Amino acid sequence: MNRVLEGVKVVELSTYAAAPGVGRMLADFGAEVIKIEPLAGDPYRLFGLTVSAPVAEDENPVWVLGNANKRGITLNLKSEEGKEILYKLLKDANIFFTNTRMDSLVKLGLSYEDLQPKFPHLIYGHISGYGLEGEDASLPGYDITAFWARGGALVDLGPKGTGPITTPYAMGDHSATLALGSGLLGALYKQTKTGQGEKVLVSLFGTSLWITSLMSVPVQYGDRFPKSRLNPMNPICNTYRCADDEYLNMTILDYARDWPRFCIAIGREDLTNDERYSTVKAGKEHSEELVPLIAAIVEQHPRQYWIDVFKKLDLPCAKAQHLLEAVNDPLAKENGYVVEYTFENGNTCSMPCTPVQFGRNVAAPCGAAPKLGEHTAEVLSDLGYSAEQIVELSSKKVISVYGK
């Protein structure tokens, strides 16, 4: 894959998923990304325990997912020596970004207002939970709380009468990843043209409002969520159970054009001109009759039967796959959306890749994620620190060096 950010230096001060995903993406694009962790490490190193994944040094798939292709160092930023090391990194960096809460950044002297006078060329990126204004701005914000719950999707996207959906992992985080990544690249264009830095702000809550906007705008005009499966957007834009207990999604948005072909697909040509169903308005008005009618027909055949029928008639549909099916889908591998990653212990995993590709429809190489403090000595040596100075900083707990 083309390394379009070759020569760009990025310094990342981040934890968990949203901000590290930005660093992973920029590293995939060819940037040099240096991830800073506290001496105790990013707690995300152990997140696999929460989701039943291994967290060993020789196999930690969750850690690799967000941190592949980076160099990793540890710094005690509460110490003056640690802060001085950060300043040396920022001196020739293009981008610095963090998801540290702003109150903490201010205490550390690492807010945009603190750093901009020292490094006017620097692009400063920040991901928060709820933004920087208002009484809740300082609250801890995670994917589930700030994106799903506060953003409205948690309760309104579940089927009517069933309560909230099962809380997903990091879908909001990775949406914010793409948002901050795009903002940083816009600022990098400005920096290239003018030599000046920029402040780039993204929040999980704000990202959620954008992601759900095609629902949150219509509800202001009478649309309602949560929805019953008996009252979908339209009856042929719905998900139905098949004979093999798998599900078929049909997303037939051009109702007027495609209704006749849909009637052929389900073997009910007699409904083609039925005034109760033949227009989208009529179909919605009679959805509580039409949805069970369609459901009873779809339940007569397995999922693949319907996929073949719909494809033949060029009707939009998809297998409603399980997560395990999706990540092992041959289409995903053929297009470089996942790669087989081999861990140090020889085990393998289908590892999803950042979704942007350049030049060719292939994945960016997925390298290793840094062990805790793995590149500390190397990076400090690049900054001009001697071996003796590195040992002294380690003894003073300003840094830690992997394996020592």
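Which value, in Å² and to the nearest 10, is the accessible area of Leu49 when all protein chains are kept and the probe is 1.4 Å?
Number for this one is 120 Å².
Please report how far the C-alpha centroid of the stretch 281-336 lies from that of the stretch 99-118, rounded to the nearest whole angstrom.
50
Considering only protein heavy atoms, what is the solvent-accessible area of Val64 at a probe of 1.4 Å, reported in Å² to the nearest 10?
10
Which entry in [x] 1.09; [y] 0.98; [z] 1.18 matches Cα Rg over 2.2 N^0.38 Å derived from the coordinates of this structure?
[z]
With +1 on each Lys and Arg Cβ and -1 on each Asp and Glu Cβ, and nothing else charged, work out how big the dipole of the chain is about its Cα centre, in Debye to the nearest 20. Could the numbers behind the result be given before it?
Details: 39 positive and 49 negative charges, 124 e Å.
Magnitude of the dipole: close to 600 debye.
So what J values fall out for the stretch 217-234 if you push phi through Karplus, 6.51 cos²θ - 1.76 cosθ + 1.60 with θ = phi - 60°, rounded to Hz, Gly and Pro as x?
Values per residue, Gly and Pro as x: 6, x, 5, 6, 10, x, 5, 10, 10, x, 10, 7, 5, 7, 9, x, 3, 7 Hz.
What is the angle, in °, between the Cα long axis of helix 303-312 and the longest principal axis of the Cα atoms in the chain? Nearest 10 is fine, range 0 to 90.
With both axes taken from Cα atoms, the answer is about 80 degrees.
Mind checking the angle between helix 255-265 and the chain's longest principal axis? C-alpha axes, 0 to 90 degrees, to the nearest 10.
Long axis of 255-265 versus the principal axis of the chain: about 70 degrees.
Give me the accessible area per residue for the stretch 177-330, probe 1.4 Å, as a whole number in Å². Working shown, then result.
Details: 8700 Å² over 154 residues.
Normalised by residue count, the accessible surface of the stretch 177-330 is 56 Å².
Sequence-distant or interchain residues sharing an amide H contact under 5 Å with Lys199, placed H: which?
For Lys199, whose amide H was placed from the backbone, the distant partners under 5 Å are Tyr124.
Looking only at Arg268, Arg101, Arg303, which one moves most when the chain is put into a Gaussian network model with springs between Cα atoms under 10 Å?
Greatest mean-square fluctuation among the candidates belongs to Arg268.
With an 8 Å cut-off on Cα pairs and a minimum separation of 6 or more residues, tell me the relative contact order of the chain in percent.
Numbers: 708 pairs, mean separation 78.7, N = 404.
Dividing the mean separation by the residue count of the chain yields 19 percent.
Please sort 287-299, 361-373, 316-328 by packing, taking for each peptide the average over its residues of neighbouring beta carbons within 10 angstrom, highest first.
On the way: 287-299: 16.4, 361-373: 17.9, 316-328: 13.8.
By packing density, highest mean first, the sequence is 361-373, 287-299, 316-328.
Apply the Karplus parameterisation 6.51 cos²θ - 1.76 cosθ + 1.60, with θ equal to phi minus 60°, to every residue of the stretch 369-384 and state each ³J(HN,Hα) to the nearest whole Hz, in sequence, with x for glycine and proline.
In residue order, the calculated couplings are 9, x, 6, 5, x, 4, 10, 4, 4, 4, 5, 5, 4, 4, 7, x Hz.
Run down the lysines and flag those whose C-alpha is under 23 Å from the C-alpha of Lys284, throwing out any fewer than 8 positions away in its chain.
Lys160, Lys227
Between Asp92 and Asn345, what is 0.36 nm times their sequence separation minus the Cα-Cα distance? Round to one decimal in nm. Write out the running numbers ahead of the final one.
Working: separation 253, 0.36 × 253 = 91.08 nm, distance 3.70 nm.
Extending this stretch completely gives an extra 87.4 nm.
So how far apart, in nm, are the two label points at Ala326 and Ala53 if each is 7 Å from Cα heading toward Cβ?
1.4
May I ask for the equivalent-ellipsoid semi-axes of the stretch 106-185, computed as the square root of five times each C-alpha gyration tensor eigenvalue and listed largest first in whole Å? Write out the running numbers ahead of the final one.
Details: eigenvalues 211, 42, 14 Å².
So the three semi-axes of the stretch 106-185 are 32, 15, 8 Å.
Using Cα springs under 10 Å in a Gaussian network model of the chain, which residue among Gly152, Gly134, Gly23 shows the largest mean-square fluctuation?
Answer for the Gaussian network model of the chain: Gly134.
So for the pair Thr192, Leu293, with labels modelled 7 Å out along Cα→Cβ, what separation do we get in nm?
5.6
Using the charge dipole of the chain (Lys, Arg: +1 at Cβ; Asp, Glu: -1 at Cβ; taken about the Cα centre), state which of His126, Thr354, Leu65 has its Cα farthest towards the positive end.
Among His126, Thr354, Leu65, the one farthest towards the positive end of the dipole of the chain is His126.
What number, rounded to the nearest 500 deg cm²/dmol, is the helix-based mean residue ellipticity at 222 nm of the chain, given -39500 (n - 2.57) per DSSP H run of at least four residues and division by all its residues? Provide the component values of the computation, followed by the final result.
On the way: 17 runs with 146 residues, N = 404.
That comes out to -10000 deg cm²/dmol.
What is the set of long-range amide H partners of Leu77 at a cut-off below 5 Å, with H atoms built 1.01 Å from backbone N?
Distant-sequence amide H within range of Leu77: zero hits.
Explain nothing, just the number: relative contact order of the stretch 157-263, from Cα pairs under 8 Å at least 6 residues apart, as a whole percent. Intermediate values should be presented prior to the final figure.
Details: 71 pairs, mean separation 26.0, N = 107.
Relative contact order, the stretch 157-263: 24 percent.
Determine, for each peptide in 39-48, 273-282, the mean count of other beta carbons within 10 angstrom over its residues, then list the peptides with the highest first. Before the final figure, lay out each step's value.
Details: 39-48: 16.7, 273-282: 14.8.
Most protected by this proxy first, the peptides run 39-48, 273-282.
Express the C-alpha Rg of the stretch 265-359 as a ratio against the empirical globular expectation 2.2 N^0.38 Å, rounded to two decimals.
Numbers: Rg = 20.0 Å, N = 95, 2.2 N^0.38 = 12.4 Å.
Normalised by 2.2 N^0.38 Å, the Cα Rg of the stretch 265-359 equals 1.61.
I need the phi-derived Karplus couplings for the stretch 284-301: 6.51 cos²θ - 1.76 cosθ + 1.60, θ = phi - 60°, integer Hz, Gly and Pro marked x.
Per-residue couplings from phi come out as 5, 5, 10, 5, 5, 9, 6, 4, x, 4, 5, 4, 5, 6, 4, 5, 7, 9 Hz.
Taking amide H positions as placed in the peptide plane 1.01 Å from N, state which residues far from Asn238 in sequence (5 or more) or on other chains have amide H under 5 Å from it.
Met250, Ile252
Ignoring ligands, DNA and RNA, what percent of the 1.4 Å accessible area of the chain is carbon and sulfur?
Details: 11220 of 20360 Å².
Answer for the chain: carbon and sulfur cover 55 percent of the accessible area.
Within the stretch 64-88, whose backbone N sits under 15 Å from a point 7 Å along Cα→Cβ of Leu383?
71-88
In nm, to one decimal, how far is the Val4 label point from the Ser79 one, both placed 7 Å along Cα→Cβ?
A separation of 4.0 nm, rounded to one decimal place.
What number in nm² do you get for the stretch 304-374 if you take the convex hull of its Cα atoms and divide its surface by four?
Numbers: hull surface 29.3 nm².
For the stretch 304-374, the mean projected area of the Cα convex hull comes to 7.3 nm².
The values are calculated or read from the model by the stated rules, or taken from the named source; none is laboratory data. From a predicted model like this one, the values you see are computed outputs, not experimental measurements. Glycine gets a Cβ as well: all are built from the backbone with ideal geometry, and neighbour counts include every protein chain shown. Just so you know, the surface numbers come from the protein's heavy atoms only, side chains and all, with ligands and any DNA or RNA stripped out. Shrake-Rupley method; radii C 1.70, N 1.55, O 1.52, S 1.80 Å.
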